[in-house]
Amino acid sequence: MLISGCATGPIYHPVAPPAPDQALLYIYREQRSWLRGLAPDDAADLVQEAPTAHRDRLLSMLDDQTRREVTALLAYREDHAGGLMNPRFARLRPEMTVDEAVTYLRRQTGQSVEMTYYAYVLDSQQRLLGVVSFRELISARGDRRISEVMKTEVRTVDEDVDQEAVARLFRETGLMAIPVVDAEKRMKGVVTLDDIVEVVSEEATEDIQKLGGSESLGEPYLKIALARMIKKRAGWLAALFLGEMLTATAMGYFEHEIDKAVVLALFVPLIISSGGNSGSQATSLVIRAMALGESGCATGSG
């Protein structure tokens, strides 16, 4: 199709850029929408990683319920079970029938509830009474009570248990989720297997760094500040240097014997190398045993 010669105006008209206040409003709405889509434990992790000056602004983007949940999670240490848990989980009452429970759980799916394989049975005081898997719930008769199909022997963790102990419990039990309770056995949340995957990676990184004779860095090697790097490594390097001075002192003590048989000097590097190799092997075995809880004590998270 030919364009008439009288159409001399521009085909594309420039679009005026939005006003600065409109652009900021759009960015704010996008951030708020994205932040509100996160689970409370993920939102708490994000707020905790943000600079202190921006935390209040991030919290203000959340709805009231999520803000209360995130604020409660921030009160826990990030390496404790309370800092890992999601406070939204599938909960049932023992007097419910199976049909009522299934209908109730179906309604909860639209409320960002952590629906991982298990529903937890609580009393009126929020104390944990038992657990029932979705498989058992679906296969049970509809008129049976939840108290009849639930299991009362439940593996739990306290809210102040270290994350390494939680990871070890996952490995021992093979569970997909573990409930977190307080001192009065009230259920506070649930730690799921996907929450613990990053913990296992962090703990493995920490153990490997300790194998190298340094303190755990706590952040990526290429991003850590030089001052923090020196602080983390200088103490161990100084201790190793003092240890090497003991070796030099011992060699000086036997200087006369070495002068009498110079051939003994040929074995000095071999002995030093063998000592270093045996020390590295022993360090690797002991630290790994501590990490797996095989030595009767576990490594700390600090």
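The values are calculated or read from the model by the stated rules, or taken from the named source; none is laboratory data. Predicted model, so just to flag it, every value in this text is computed and none were measured. Glycine gets a Cβ as well: all are built from the backbone with ideal geometry, and neighbour counts include every protein chain shown.
What to note about this one:
- So V180, is it part of a strand (DSSP E or B) and in contact with a Ser or Thr (Cβ under 9 Å, 6 or more places away or on another chain): yes
- Residues of the stretch 152-184 that are of a type in the set (D, E, K, R) and surrounded by 14 or more Cβ atoms within 10 Å (Cβ to Cβ): D158, E159, D160, D162, E164, R168, D182.
- Pairs where the first residue, in the stretch 188-216, is farther than 21 Å from A39 by Cα and the second is surrounded by fewer than 16 Cβ atoms within 10 Å (Cβ to Cβ) and modelled with pLDDT of 70 or more, C-beta under 7 Å, 6+ apart: G213/W236; G213/L240; S214/W236; E215/W236
- The stretch 153-176 residues that are farther than 12 Å from V191 by Cα, paired with ones that are surrounded by 16 or more Cβ atoms within 10 Å (Cβ to Cβ) and of a type in the set (D, E, K, R) (beta carbon under 6 Å, 6 or more apart): E164/E203
- Once the stretch 152-210 is narrowed to residues that are hydroxyl-bearing (S, T, Y) and under 11 Å from the mean Cα position of the chain (by Cα), the residue that is nearest to Y117 (Cα to Cα) is T192.
- Pairing residues of the stretch 93-116 that are assigned by TED's automatic domain parsing to the domain that holds L137 and surrounded by fewer than 17 Cβ atoms within 10 Å (Cβ to Cβ) with residues that are among the small types (G, A, S) and modelled with pLDDT under 85, at Cβ distances under 9 Å and at least 6 apart in sequence or on separate chains, gives S112/G37; S112/A39.
- For the stretch 219-275, the set of residues classified as basic (K, R) and either within 41 Å of the chain's Cα centre (by Cα) or in a loop (DSSP other than H, G, I, E, B) (or both) consists of K223, R228, K231, K232, R233, listed by residue number.
- Subset tally (residues that are of a type in the set (D, E) and over 14 Å from the mean Cα position of the chain (by Cα)) for the stretch 70-103: 3
- For I138, the conditions (1) over 23 Å from A72 (Cβ atoms); (2) among the hydrophobic types (A, V, I, L, M, F, W, C); (3) surrounded by 14 or more Cβ atoms within 10 Å (Cβ to Cβ) all hold with the exception of (3).
- Here D194 clears all of (1) farther than 19 Å from E78 by Cβ; (2) out of contact with any strand residue (DSSP E or B) (no Cβ under 6 Å at 6 or more places or on another chain); (3) not in a loop (DSSP other than H, G, I, E, B) except the condition numbered (1).
- Yes/no for A81 being at pLDDT 85 or above and crowded, with 22+ Cβ neighbours inside 10 Å: yes
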